[in-house]
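The values are calculated or read from the model by the stated rules, or taken from the named source; none is laboratory data. Please read all numbers here as calculations on a predicted model, not as lab measurements. Methodologically, a virtual Cβ is constructed for each residue, glycine included, from the backbone with ideal geometry; neighbour enumeration extends over all protein chains shown.
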There are 2 protein chains.
Amino acid sequence: MATAPVSMEKLVSLCKRRGFVFQSSEIYGGFNGVWDYGPLGVELRNNIKAAWWKDFVHRREDVVGLDSGILASPRVWEAIGHVEHFTDPLVECRNCNSRFRADQIDLNKNCPTCGKKDWTDIRQFNTMFKTHVGPVEDTASIAYLRPETCQAIFTNFKLVQGATRKKLPFGIAQIGKAFRNEITTGNFIFRLRELEQMELEYFVRPGEAERWFNYWLEHDLSWLASLGVRRSMLHLYEHPETERAFYSARTIDIEYDFPFGRGELWGLANRTDYDLTKHTKSSGEELEYFDDETKEHLVPYVVEPSVGVDRMMLVALLEAYDEQPDKEGIRTVLHLHPRLAPVKAAVLPLVRKDEGLVKKARTIYDELRAELPVQYDETSTVGRRYRRQDEIGTPWCVTVDGQTLEDGTVTIRDRDSMEQGRFPADEVLSELQRRLRQPWTRPE
Amino acid sequence: MATAPVSMEKLVSLCKRRGFVFQSSEIYGGFNGVWDYGPLGVELRNNIKAAWWKDFVHRREDVVGLDSGILASPRVWEAIGHVEHFTDPLVECRNCNSRFRADQIDLNKNCPTCGKKDWTDIRQFNTMFKTHVGPVEDTASIAYLRPETCQAIFTNFKLVQGATRKKLPFGIAQIGKAFRNEITTGNFIFRLRELEQMELEYFVRPGEAERWFNYWLEHDLSWLASLGVRRSMLHLYEHPETERAFYSARTIDIEYDFPFGRGELWGLANRTDYDLTKHTKSSGEELEYFDDETKEHLVPYVVEPSVGVDRMMLVALLEAYDEQPDKEGIRTVLHLHPRLAPVKAAVLPLVRKDEGLVKKARTIYDELRAELPVQYDETSTVGRRYRRQDEIGTPWCVTVDGQTLEDGTVTIRDRDSMEQGRFPADEVLSELQRRLRQPWTRPE
């Protein structure tokens, strides 16, 4: 596999052309910080979410799920301090009115937009989106779009624990949208105003938080490796005390070498008992855990591994993208893990005009699509059709050729090795399902 | 199966106790029109969504998916007329300030809240939630939370068609959250301010809209039947011309007999070319279809089957809920379709204190949970454990007993028939997977 870094321009272009990612409201000139995911994008995202849910929830005895509202009582955000503190430092150029995050720009230099230097004072800008619930716009009816999915895990802690009877340590996982009114957006789907998070809040005895912090760090790195993300592209950034959020006793970011620079992919925080304690104080409901055996009441600590679906999608695409020179020019291929690939297989009759081949190919396609997301393609040369599937990361192509009509076998071509093998047509489904269960190794 | 109607009270109670549905922000006194879905609720919802996606997208050659933003350019909503017309008629009691939908209350009668009769004039209230994007609150930065998922399908029509090369007729499907600032909410998860939709926009030649309308009506009814929803509980309501939305040439609701009255489950509309034409006019982008063969440009008609995840979930629970008197009192059971059941199987050692049984049960549990959402339970009598699983709709219980240690077989108990059969322990996974693929019939 080529090792040259991928340019964002090429990736964005492929994403639009093949239907992974579209600019929001493109026909109206776009809408900053929001993207729409096309037919292949929604499949890739669903596969990322399903893989995370399977590995972080279903396969574990100690984690259960939750799906809470984007809207909630404003008291949730008041209690946790977000109404006051969920802010970014905003600075504006008096000359051209461009706005910047004061911590992402050198104020000793001139405005990058107009070249003048006339900055306003820095003010704290709350990045929670506000709306009004009910038919009258007054302060009593203010509600916020959640800026993180975790808070509903804390407010529902007792209800979930009561319904599931889980014992410490245990976790509550959630996948869902979150919204941040970012001052500046950009780098494709990296910094968004509407994003999707995969968050796990893992509740532990206070004395065991450090050990579980290390466990989840290793776990998350292993999970990334299992999906083919190179360890050499990842870096651990431990926040010094001065930089940590006020609720965190320890924070490590798993950063990735994006083409535009190193950036956070996965955040891991020891949130201590900050959230449960704050909600207990504000609501009057004791959000604590009662240990049946020791008869002890305690407020658990929380270890939080939190990753964005959008950033995970971007990393999956960047890790997968490859260009290989060949006789016909450039072969563009996405070496996506088969678990993540939007289309698992394509069924191709070698020659479109051969009714026998087409009929057989359609039969195989109909059988496969009852179980797997697959495509059927009969247009242009088979070489071009392979290229089309390579470009969207389809791991296998099933080709029906002359020999099929003689001995009932078809070829299965592998995207990564480009090797082909013959299999009986009626064993294709089980062969694909077998391959999907195999561990996958990213080609060198 | 008992035929007595389920009371909402009993269902709501079970949903809270077992972790299907919690009131949003309960520790803060709740938040109207929004619910949080607990560990079993999120699984049931995910299964409903996955079943819909498989049957409406993956298994079809003519439908692709989309996942667009909840936020979009405000011009989308201006173009389609929603900024002006997405309204409900609001009336207020001058005496007690209670607010009602004027079309849901008899204004000749007294206020149901205070008993006085002093109504304000009816005014049109826009039910789109508004927010502001960017650091300054002015009209230029207004954005709306989408009140329906379909519009992004129309604005992305050309991008999706271009990327997928689909030919008419074809559909674009989307599952996602939508928001409506309802004047009155209620009936549990029936009328919500934050809801989730499963929408398909099916694009056809204008002359074929009526035929496809009938096709999707039959299709949707069949799909409901395949999940065990009784036809006798469903009613078709064809909107008379005077009641139809302005964009629709024909609308039929599939209504369900909820305990609180008949209500819409699934809406089917012939939206004509209204949306594509409006967006073409407003954006200047021609949202049309070019037929390669006839060299014809045309604006397709759209047939829209649209169903709410929340209402589908409510119907699934209502159809499943049953109480059966037995020796020990009342057996509460959810006869959920196995596809929808949150937990597919529970593994139970007959006796907790028998180390051999526990070890064997744990081995089977570990093998199953690599592939399926399953539970392990060893507390209290096996009879009680069966009841616990019945109550959450687990289709099968795998029990490890004395005979297991002798001949390696376990029992599989069926939730609906309560019959048990013995199977070799190492065939349990394949037996469960076989049963999951079988059609399921709702018990009489």
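Below, the figures for the structure above:
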| read-out | value |
| --- | --- |
| Residues that are closer than 17 Å to B:ASP377 by Cβ, touching a Ser or Thr at 6+ places or on another chain (Cβ under 6 Å) and part of a strand (DSSP E or B), drawn from the stretch B:319-357 | B:ALA346, B:LEU348 |
| Selection within the stretch A:159-169 - farther than 24 Å from B:GLU196 by Cβ and surrounded by fewer than 21 Cβ atoms within 10 Å (Cβ to Cβ) | A:GLY162, A:ARG165, A:LYS166, A:LYS167, A:LEU168, A:PRO169 |
| Out of A:ALA320, A:ALA341, sole residue that is of a type outside the set (S, T, N, Q) and within 14 Å of chain B (Cβ to nearest Cβ) | A:ALA341 |
| Single residue of the stretch B:324-333 satisfying the filter (of a type outside the set (S, T, N, Q) and in contact with a helix residue (DSSP H, G or I) (Cβ under 8 Å, 6 or more places away or on another chain)) that is surrounded by the fewest Cβ atoms within 10 Å (Cβ to Cβ) | B:GLU328 |
| Number of positions in the stretch A:272-289 that are more than 16 Å from A:GLU78 (Cα to Cα) and not β-branched (Val, Ile, Thr) | 5 |
| Residues located in the stretch A:111-127, provided they are within 14 Å of another protein chain (Cβ to nearest Cβ) and among the hydrophobic types (A, V, I, L, M, F, W, C) | A:ILE122, A:PHE125 |
| Residues located in the stretch A:128-146, provided they are more than 9 Å from every other protein chain (Cβ to nearest Cβ) and among the β-branched types (Val, Ile, Thr) | A:THR139, A:ILE142 |
| Selection from the stretch A:401-421 of residues that are of a type in the set (A, V, I, L, M, F, W, C) and either under 30 Å from B:LEU436 (Cβ atoms) or assigned to a loop (DSSP other than H, G, I, E, B) (or both) | A:VAL410, A:ILE412, A:MET418 |
| Test: B:CYS111 is exposed (fewer than 15 other Cβ atoms within 10 Å of the Cβ) and over 30 Å from A:THR155 (Cβ atoms) | no |
| Subset of the stretch B:101-120 [over 31 Å from the mean Cα position of the chain (by Cα) and in contact (Cβ under 8 Å) with a residue 12 or more places away in the chain] | B:LEU107, B:CYS111, B:PRO112, B:THR113, B:CYS114, B:LYS116, B:ASP118, B:TRP119, B:THR120 |
| Test for A:ARG385: is it of a type in the set (D, E, K, R), touching a Cys at 6+ places or on another chain (Cβ under 8 Å) and either within 24 Å of A:THR332 (Cα to Cα) or at pLDDT 95 or above (or both) | yes |
| Of residues in the stretch A:364-388 being in contact (Cβ under 8 Å) with a residue 60 or more places away in the chain and part of a helix (DSSP H, G or I), the one farthest from the other protein chains (Cβ to nearest Cβ) | A:ILE364 |
| Exclusive hit being modelled with pLDDT under 95 and of a type in the set (A, V, I, L, M), set B:ALA2, B:ALA50, B:ALA72 | B:ALA2 |
| Residue among B:VAL307, B:VAL315, B:VAL302 that alone is over 25 Å from B:ARG75 (Cβ atoms) and part of a strand (DSSP E or B) | B:VAL307 |
| Checking A:ASP220 against (1) charged (D, E, K, R); (2) farther than 25 Å from A:SER68 by Cα; (3) crowded, with 20+ Cβ neighbours inside 10 Å, the condition it does not meet | (2) |
| Selected residue [over 21 Å from B:ARG165 (Cα atoms) and modelled with pLDDT under 95] from A:ARG413, A:ARG437, A:ARG422 | A:ARG437 |
| Evaluation of A:GLY186 against (1) surrounded by fewer than 19 Cβ atoms within 10 Å (Cβ to Cβ); (2) at pLDDT 95 or above; (3) of a type outside the set (Ser, Thr, Tyr); (4) in contact with a Phe, Trp or Tyr (Cβ under 9 Å, 6 or more places away or on another chain) (one fails), failing number | (2) |
| Every residue from the stretch A:415-434 that is under 14 Å from A:LEU336 (Cα atoms) and within 25 Å of the chain's Cα centre (by Cα) | A:ARG415, A:ASP416 |
| Filter result (of a type in the set (A, V, I, L, M) and over 24 Å from the mean Cα position of the chain (by Cα)) within the stretch B:46-84 | B:VAL76, B:ALA79, B:ILE80, B:VAL83 |
| Filtered residue count, the stretch B:345-372, keeping only those that are of a type in the set (Val, Ile, Thr) and surrounded by fewer than 22 Cβ atoms within 10 Å (Cβ to Cβ) | 3 |
